[in-house]
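Coordinate-derived values only; no laboratory data. Keep in mind the model is a prediction, meaning the values are calculated, not measured. Neighbour counts run over all protein chains shown; Cβ positions are idealised from the backbone, glycine included.
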Amino acid sequence: MTDRDPVQDLWVNQQSERFTMSVDEVRMRAGSLQSIVSRRNFREYLVGGVLIVFFTAATVFAKYPLSKLGCALTAIGVAFVMWRLHVVVRAGTVSDVAAAGDWAQFYRGELVRQRDALLGIWWWYLGPLIPGSIVYWLAIGIRSIGTASAVWEWAVAVGGLLLTAVVFGWVAAANKQAAAGLQAEIALLDRASGR
Amino acid sequence: MTRDQDARYADAAAQWGAALQRIARATEADPERRRDLLQDMHVTLWKSFAAFDGRCSVRTWVYRVAQNVAASHAVREQRDRTRLVALDTIEDIPDATDASDTVEAEATLKRLYALVHSLRSPDREVITLYLEGLSAEAVGEVTGLSPGAIATRISRLKSLLARMFHEAAP
């Protein structure tokens, strides 16, 4: 190539760290869980697992029935979120066929999948956690009815509900903003690929 | 089929293994995560050869797999995309150097990687493939981007590189 840029030569002739994988090693990794579950996802699974154990234990040890129900619903909600996360991660694994398609088409698919996951956060992430949160905070107020500390307990319950609403609202807004960013990226990609 | 798949993978890994490493490094700055990404590239490449139909060259196939695995990695890692910029917004590049000396060549490479890491898609992919020495047509085959979009980006990059090395723009 006569008009080859010297920087291209520098780039392709750079020293790389030593890395080899035998066919057997590749085959072994292809069949292992590690190829599906990255380190980052593993951390999320771990946190989810800890939360499920915590709320299950809280369900067992809580004395007031409505508190038990709140903890049980939260444990179920977290389990649902973990299951959805697992589905999303599996769907994000590069398939053999898509792997060799053109980049723009493949990348667009990844962006759309990510955008839709962010836009659907109410049904697969926040929504499943709402029943447990509401019941848990209401239980604090309801169990105090007729006691001397009822006003204080209801203040805690209402405050907890408001705080939960603010946090969930903030998470939803942040995700909506991130989804808008992805949509802008999709539009840019469509312009560049002439789609 | 498995023997063909194994043989194709072994040949491709021998010929394009270094290119996979460069693309992994252009995508992921963290060494540990880069190693994971590189392993994913190799595994996906091996798996993909089960479906290789010869409709494109092995080189195009390998680069597509590498770029697609890198794209999947980038989306999954959910980096802060607002930090990334378009090629046409980059104005200043610190300390132009001559690429002839080994030490300065290393510094130049570091600056090149810093540049690539700062770019948003599809600029990053076009620039990486250009640096790999692919023609505009070959970049189009790998990326699926329009010839106009590729030409514009390569032209901007050439001007940028010329400024980096104090050469006259082509």
Would you give the gap between the C-alpha center of segment B:1-58 and the C-alpha center of segment B:114-156, rounded to a whole Å? 20
For A:GLN183 and A:PHE61, FRET efficiency with R0 = 45 Å and r from the beta-carbon atoms, rounded to 0.05? 0.45
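Hull surface divided by four, with the convex hull built on the Cα atoms of chain A: how many nm²? Walk me through the numbers on the way to the answer.
Numbers: hull surface 70.0 nm².
Computing the convex hull of the Cα atoms and averaging its projections yields 17.5 nm².
Summarise the partner chain shielding of B:36-45 as one whole number: the mean count of Cβ atoms from other chains within 10 Å of each residue's Cβ. Write out the running numbers ahead of the final one.
Working: counts 5, 1, 4, 7, 7, 3, 8, 12, 10, 4.
Average per residue, whole number: 6.
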Nearest 20 debye, what's the magnitude of the dipole of chain A about its Cα centre given +1 on Lys and Arg Cβ and -1 on Asp and Glu Cβ? 740
Which value at 222 nm does chain A reach when only helices count, each DSSP H run of 4 or more adding -39,500 (n - 2.57), with the total divided by all residues and rounded to the nearest 500 deg cm²/dmol? -24500 deg cm²/dmol
Just want to confirm a number: the relative contact order over segment B:2-77, from Cα pairs under 8 angstrom separated by 6+ residues, in percent. 41
Out of A:GLU17, A:GLU110, A:GLU44, any idea which swings most in a Gaussian network model of chain A, alpha carbons joined below 10 Å? A:GLU17
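Which FRET efficiency value, to the nearest 0.05, is calculated for B:SER135 and A:TYR45 with the Förster distance at 35 angstrom and r the Cβ-Cβ distance? Walk me through the intermediate numbers first.
Values: r = 44 Å, r/R0 = 1.26.
Efficiency for this residue pair is about 0.20.
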